[in-house]
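The values are calculated or read from the model by the stated rules, or taken from the named source; none is laboratory data. Not measured: the values here are computed from a predicted model. Glycine gets a Cβ as well: all are built from the backbone with ideal geometry, and neighbour counts include every protein chain shown. Accessible surface areas use protein heavy atoms only, side chains included; no ligands, DNA or RNA. Shrake-Rupley method; radii C 1.70, N 1.55, O 1.52, S 1.80 Å.
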Amino acid sequence: MRVGIMGGTFDPIHHGHLVAASEVADRFGLDQVVFVPTGDPWQKTGSAVSSPEDRYLMTVIATASNPRFMVSRVDVDRDGPTYTVDTLRDLRDMYGASAELFFITGADALNKILSWKDAQDLFDLAHFVGVTRPGFELDASHLPEDSVSLVQVPAMAISSTDCRRRVEDGKPVWYLVPDGVVQYIAKRGLYRKVDNI
Ligand code: ATP
Ligand code: MG
């Protein structure tokens, strides 16, 4: 079993995430890609993040139609800040020793990988796949060569930050995120400006 793991805040999940997962799945012959929304994203403290439940549900909606895409609640259900090493340990326990794990991450996150908790253990738990994304250069020279692969995904200049801003400004996010996610954002009133009157 070859399993991709795509961690993210997914606030909201967008087509950049989905294309990256699809491209890596094809390239590495993955049987599944598990999307893992973060619980409390410690690197994003200070900025308001939507509730884990909203982010989890948007991820389910976005991946529902793909039989190879799954969503895991391990990070949402674990107390405290989300660390990738805990995510990988939980999924390793779940899938068993014979599974090959591929952690998929954007160039921006991979660049910071050595600052993560228990960084040296990460490479024993999974193979790392860094996906390039417009605007982020990837310098993998400081990373162990046989544990990290780089994959170019078709250029998609989509970010969650931009999607949130667009909703706040009343601009459309159609076709940047899956249709069901557009509707979920509207239904829950996410990313709208809060009037402090
Ligand atoms: P934000 O703007 O809030 O930081 P984001 O768009 O970076 O959000 P995250 O949930 O932080 O989304 O990203 C999860 C993972 O997906 C990260 O590893 C990130 O680098 C990667 N990623 C995000 N957008 C893209 C994209 N357009 N193409 C490829 N990978 C992406
Ligand atoms: Mg990001």
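Restricting region 10-40 to residues that are free of Cβ contacts under 8 Å to residues at least 60 places away in the same chain and hydrophobic (A, V, I, L, M, F, W, C), the residue that is surrounded by the fewest Cβ atoms within 10 Å (Cβ to Cβ) is 25. Hey, can you tell me all the residues within region 54-72 that are part of a helix (DSSP H, G or I) and of a type in the set (Val, Ile, Thr)? 59, 60, 61, 63 - these are the residues of region 54-72 that are part of a helix (DSSP H, G or I) and of a type in the set (Val, Ile, Thr).
Scanning region 65-83 for residues that are modelled with pLDDT of 90 or more and either within 19 Å of residue 25 (Cβ to Cβ) or open to solvent by less than 50 Å² (accessible area, probe 1.4 Å) (or both) gives 65, 66, 67, 68, 69, 70, 71, 72, 74, 75, 76. Residues in region 49-79 that are under 13 Å from the mean Cα position of the chain (by Cα) and acidic (Asp, Glu): 75 only. Number of residues in region 161-190 that are free of Cβ contacts under 8 Å to residues at least 60 places away in the same chain and at positive phi equals 2. Taken together, the residues in region 155-170 that are farther than 17 Å from residue 8 by Cβ and surrounded by 11 or more Cβ atoms within 10 Å (Cβ to Cβ) amount to 5. Please verify whether region 84-105 includes one or more residues that are loosely packed, with under 15 Cβ neighbours inside 10 Å, within 16 Å of ligand 2 (Cβ to nearest atom), outside any helix (DSSP H, G or I) and of a type outside the set (Asp, Glu). For region 84-105, residues loosely packed, with under 15 Cβ neighbours inside 10 Å, within 16 Å of ligand 2 (Cβ to nearest atom), outside any helix (DSSP H, G or I) and of a type outside the set (Asp, Glu): absent. Taking the criterion of being farther than 16 Å from residue 132 by Cα and within 9 Å of ligand 1 (Cβ to nearest atom), the only residue of region 13-31 that qualifies is 13. For region 171-193, filtered to residues that are surrounded by 14 or more Cβ atoms within 10 Å (Cβ to Cβ) and hydrophobic (A, V, I, L, M, F, W, C), the residue that is farthest from ligand 2 (Cβ to nearest atom) is 182. Residue by residue through region 182-197, note down the ones that are over 21 Å from the mean Cα position of the chain (by Cα), modelled with pLDDT of 90 or more, closer than 10 Å to residue 167 by Cα and not hydrophobic (A, V, I, L, M, F, W, C). Answer for region 182-197, where residues must be over 21 Å from the mean Cα position of the chain (by Cα), modelled with pLDDT of 90 or more, closer than 10 Å to residue 167 by Cα and not hydrophobic (A, V, I, L, M, F, W, C): 189, 192.
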